[in-house]
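Quick notes on the structure that follows.
The values are calculated or read from the model by the stated rules, or taken from the named source; none is laboratory data. Bear in mind the structure is a predicted one, so any value in this text is a computation, not a measurement. Note: ideal-geometry Cβ built from the backbone for every residue, glycine included; neighbour counts use all protein chains shown. The accessibility values were calculated without ligands, DNA or RNA, using every heavy atom of the protein model including side chains. Shrake-Rupley method; radii C 1.70, N 1.55, O 1.52, S 1.80 Å.
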Amino acid sequence: MKDERLSSIGELYDTSQWLYSWLYYDSQSLGIHYGFWDEGVTSKPEALTKPYKEVLEILKPEKSQTILDAGCGVGGACFWLANHCPANFIGITVSDKQLALAKKGAVARGLQNRVTFAKQDYFHTEFADKTFDGVFGIESLCYGYGDLEALFKELHRILKPGGTLVMLDGI
């Protein structure tokens, strides 16, 4: 990913965080996404946590595992998942504002020992090869559609053999 593209995506979220908070966000899920409005879903918090449940069901994270949230926003998925399974989570974002909110949220929830956040580009992470048992992106990996080969190459590099990639995106 070119630095200018990374900058523009980070700027988009930095300058529009207030709008995402107003339109999509709720205090239960901290989701900055559309959510899954399946049959039977009757509330925004339920729709926004439904993707988290999908990630949990697919990855089945265990205590010894480390999972990456590629495009973590303000950390909602990591917080929810950490409260529903024993794995450790790392979230990455290109937004300074979201990063600050995510770090503050981890401390406020007492999850800073199991959930950490960093400003990184998922096209060029600083992680060692074979770091993660699972990687997921909820309405975030869509920014990689311009160069899917590079995106999948990097995610494959940081996934352990047999690791799982979960993409929940509107395409």
Query - Test item: Cα-centred dipole of the range 86-136, Lys/Arg +1 and Asp/Glu -1 on Cβ, debye - result: 320
Query raised in the report: If you build the Cα gyration tensor of the range 71-157 and take the root of 5 times each eigenvalue, what three semi-axes come out, in whole angstrom, biggest first?
Result: 22, 14, 11
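Which percent of the accessible heavy-atom area of the range 103-153 goes to carbon and sulfur, probe 1.4 angstrom?
Values: 1400 of 2730 Å².
Roughly 51 percent of what the probe reaches on the range 103-153 is carbon or sulfur.
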Query - Computed FRET value (nearest 0.05) for Ser43 with Arg109, which takes r as the C-beta separation and R₀ as 30 Å - result: 0.90
Query raised in the report: Between Lys63 and Arg157, what is the spin-label point distance in nm, taking each point 7 Å from the Cα along the Cα→C-beta axis?
Result: 3.4
Query raised in the report: How large is the accessible surface per residue of the range 53-171, computed with a 1.4 Å probe and reported in Å² as a whole number?
Result: 48
Query - the range 61-99-the range 117-153 distance, computed between alpha-carbon centres (Å) - result: 13
**Report entry** Amide proton proximity set for Val115, modelled H, under 5 Å, gap of 5+
**Finding:** Phe89
